[in-house]
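Asker: Structure provided below as structure tokens; questions to follow.
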Ligand code: XIL
């Protein structure tokens with residue numbers, strides 16, 4: 001629909017972005033990505049090739065998207081969004097309360113930032129959302145309306161917002177969450193003032209404002225076949241019969257670990273059979289926190305299954321995760337005791353779920369998938385004085401299999417010597433250092449990490465090591 005801009009190749013080579021101890025970043029090739037500040041996207045590494053979700057998805061004919069927070073679209077966060085996803089949805093910035101907090105006063109800054117970012121990174125935009133009972137400004141939710149006055153306000157709002165971004169939005173979630181769990185209509189201000197017709201009227205107004213956008217109705221707890229999804233099904237059927245412009249159905253998919261509906265694919269298929277597209281629009285899979293490695297492994301399987309269900313139905317256009325990192329997820333704020341719902345941890349490290357998505361999209365890594373011993377290392381000098389220094393090293397198991405006993409090896413670039421270590425046994429031969437586990441920390445579960453520290457000496461320079469291996473397998477490092 002829109003022209004695509006160049007994808008940032010250097011970022012692709014940089015593979016998944018590991019949070020850097022910025023001051024210690026080694027020199028060398030840095031990203032040409034506009035959104036990546038110095039030291040943030042990371043230099044080229046000897047990393048095992050990480051999958052790129054947007055490329056894998058494109059090869060399968062779907063998109064892979066994420067909800068984003070506009071104010072965070074720089075640094076590591078922005079780099080991962082640009083590298084991995086080919087569709088973005090503003091998490092809040094296009095909601096009515098954000099764009100028109102008081103009547104006739106618009107604030108488009110956040111929404112503009114998301115659309116501009118997407119265009120700079122060759123990404124689609126899911127507009128979210130025009131008509132919803134929640135995150136409304138007070139003047140709408142508390143107004144005293146007749147059908148006529150609210151209809152005018154509603155269609156004016158749609159004309160203003162969809163019109164502003166005309167031609168730049170691929171999919172609009174025109175109406176969000178219109179149903180109760182039992183399939184009756186939610187008694188939103190729109191439903192109570194205007195009646196059932198508000199949905200058709202919203203869709204017509206959106207089509208008039210942006211004829212190229214695909215228009216969706218979006219809801220939650222409609223992923224499996226149940227009373228609510230059947231109500232949505234009947235709505236879509238009736239809208240189609242009346243010639244109302246509806247192009248697709250969004251299944252939010254805010255799921256709970258262990259509760260992916262077994263009828264997900266069949267449900268997607270029945271909507272497709274009505275002649276509309278389907279998208280998974282807000283996928284997250286929450287679990288009790290802190291997560292165990294077994295939970296993270298199960299989450300991998302469930303991300304894989306949901307992605308697979310979309311792939312299995314030709315009219316399923318794509319999947320959007322509701323935040324790609326656990327540090328930008330709404331779950332802990334809303335569901336007490338739950339979290340870890342997204343494919344990346346809070347430090348932008350890929351979780352097993354990320355590999356589950358990649359596997360569903362056809363990614364393999366030579367049969368060791370992900371490679372046994374896959375690891376990510378951060379190395380930080382904590383203090384440094386005339387000839388000495390103290391450093392801390394964290395090695396994270398980014399594979400899906402447990403590490404039982406480890407040796408982490410690196411080579412000093414500038415003649416440093418280890419003098420004393422804790423939480424690991426360090427030996428040095430020439431420039432080569434080997435850190436062996438200290439017994440009690442020999443096991444590193446998938447997604448978990450071990451940390452050790454040491455004192456060393458230096459002279460001339462204290463350049464950080466550039467490459468690490470864990471039990472002989474190369475790790476990623478900033
Ligand atoms: C959430 C946002 O992620 C939060 O930041 C905000 O505080 C509340 O809304 N269904 C939707 C989304 O359609 O718009 C919601 O987003 C999550 C549930």
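Asker: Please verify whether residue 135 is part of a loop (DSSP other than H, G, I, E, B), within 16 Å of the ligand (Cβ to nearest atom) and surrounded by fewer than 20 Cβ atoms within 10 Å (Cβ to Cβ), treating the condition exactly as stated.
Answerer: Yes: the conditions hold for residue 135.
Asker: Taking residue 234 as the residue in question, decide whether it is within 16 Å of the ligand (Cβ to nearest atom), outside any strand (DSSP E or B) and modelled with pLDDT of 95 or more.
Answerer: It is false that residue 234 is within 16 Å of the ligand (Cβ to nearest atom), outside any strand (DSSP E or B) and modelled with pLDDT of 95 or more.
Asker: Show the residue pairs that are 6+ apart or on different chains and have beta-carbon atoms under 6 Å apart, the first residue being within the stretch 95-110 and farther than 15 Å from residue 165 by Cα and in the same structural domain as residue 152 (by TED's automatic domain parsing), the second being within 15 Å of the ligand (Cβ to nearest atom) and at pLDDT 95 or above.
Answerer: Hits for this filter: 97/135; 97/136; 97/137; 98/92; 101/137.
Asker: Residues to consider are 161, 177, 223; find the one that is within 16 Å of the ligand (Cβ to nearest atom) and at positive phi.
Answerer: 177
Asker: Which number in (1) within 15 Å of the ligand (Cβ to nearest atom); (2) touching a strand residue (DSSP E or B) at 6+ places or on another chain (Cβ under 7 Å); (3) farther than 25 Å from residue 348 by Cα; (4) touching a residue at least 60 places away in the same chain (Cβ under 8 Å) marks the one condition that residue 170 misses?
Answerer: Among (1) within 15 Å of the ligand (Cβ to nearest atom); (2) touching a strand residue (DSSP E or B) at 6+ places or on another chain (Cβ under 7 Å); (3) farther than 25 Å from residue 348 by Cα; (4) touching a residue at least 60 places away in the same chain (Cβ under 8 Å), residue 170 violates only (1).
Asker: Condition test on residue 114, is it within 14 Å of the ligand (Cβ to nearest atom), touching a helix residue (DSSP H, G or I) at 6+ places or on another chain (Cβ under 6 Å), at pLDDT 95 or above and within 28 Å of residue 344 (Cα to Cα)?
Answerer: Taking the combined requirement at face value, the residue satisfies it.
Asker: Report, by residue number, each residue of the stretch 200-228 that is part of a helix (DSSP H, G or I) and touching a strand residue (DSSP E or B) at 6+ places or on another chain (Cβ under 8 Å).
Answerer: Listed by number, the residues that qualify are 202, 203, 206, 207, 228.
Asker: Turning to a different aspect of this structure: Do the conditions hold for residue 401, that is, is it closer than 17 Å to residue 445 by Cα, assigned by TED's automatic domain parsing to the domain that holds residue 444 and modelled with pLDDT under 85?
Answerer: yes
Asker: Regarding the stretch 381-388, can at least one residue be identified that is touching a helix residue (DSSP H, G or I) at 6+ places or on another chain (Cβ under 7 Å) and more than 30 Å from residue 274 (Cβ to Cβ)?
Answerer: Looking through the stretch 381-388, at least one residue is touching a helix residue (DSSP H, G or I) at 6+ places or on another chain (Cβ under 7 Å) and more than 30 Å from residue 274 (Cβ to Cβ).
Asker: If you go through the stretch 55-100 one residue at a time, how many are assigned to a loop (DSSP other than H, G, I, E, B), away from the ligand (no atom under 12 Å from the Cβ) and more than 17 Å from residue 328 (Cα to Cα)?
Answerer: Residues in the stretch 55-100 being assigned to a loop (DSSP other than H, G, I, E, B), away from the ligand (no atom under 12 Å from the Cβ) and more than 17 Å from residue 328 (Cα to Cα): 4 in total.
Asker: While we're here: Any residue that is touching a helix residue (DSSP H, G or I) at 6+ places or on another chain (Cβ under 6 Å) and not assigned by TED's automatic domain parsing to the domain that holds residue 50 - is there at least one of those in the stretch 416-438?
Answerer: No, the stretch 416-438 contains no residue that is touching a helix residue (DSSP H, G or I) at 6+ places or on another chain (Cβ under 6 Å) and not assigned by TED's automatic domain parsing to the domain that holds residue 50.
Asker: For the stretch 241-290, give me each residue that is part of a strand (DSSP E or B) and farther than 23 Å from residue 338 by Cβ.
Answerer: 248, 249, 277, 278, 279
Asker: Name the residues in the stretch 452-466 that are over 11 Å from residue 408 (Cβ atoms), out of contact with any helix residue (DSSP H, G or I) (no Cβ under 7 Å at 6 or more places or on another chain) and surrounded by 15 or more Cβ atoms within 10 Å (Cβ to Cβ), would you?
Answerer: Matches in the stretch 452-466: 453, 454, 455, 456, 458, 462, 463, 466.
Asker: Additional query: Among the numbered criteria (1) in contact with a helix residue (DSSP H, G or I) (Cβ under 7 Å, 6 or more places away or on another chain); (2) in contact (Cβ under 8 Å) with a residue 60 or more places away in the chain; (3) within 16 Å of the ligand (Cβ to nearest atom), which one does residue 323 miss?
Answerer: (1)
Asker: Got a number for residues in the stretch 141-156 being away from the ligand (no atom under 16 Å from the Cβ) and in a helix (DSSP H, G or I)?
Answerer: 10
The values are calculated or read from the model by the stated rules, or taken from the named source; none is laboratory data. Just so it is clear, the model here is predicted, and its values are computed rather than measured. Here the Cβ is made from the backbone with ideal geometry for all residues, glycine too, and neighbour counts use every protein chain on show.
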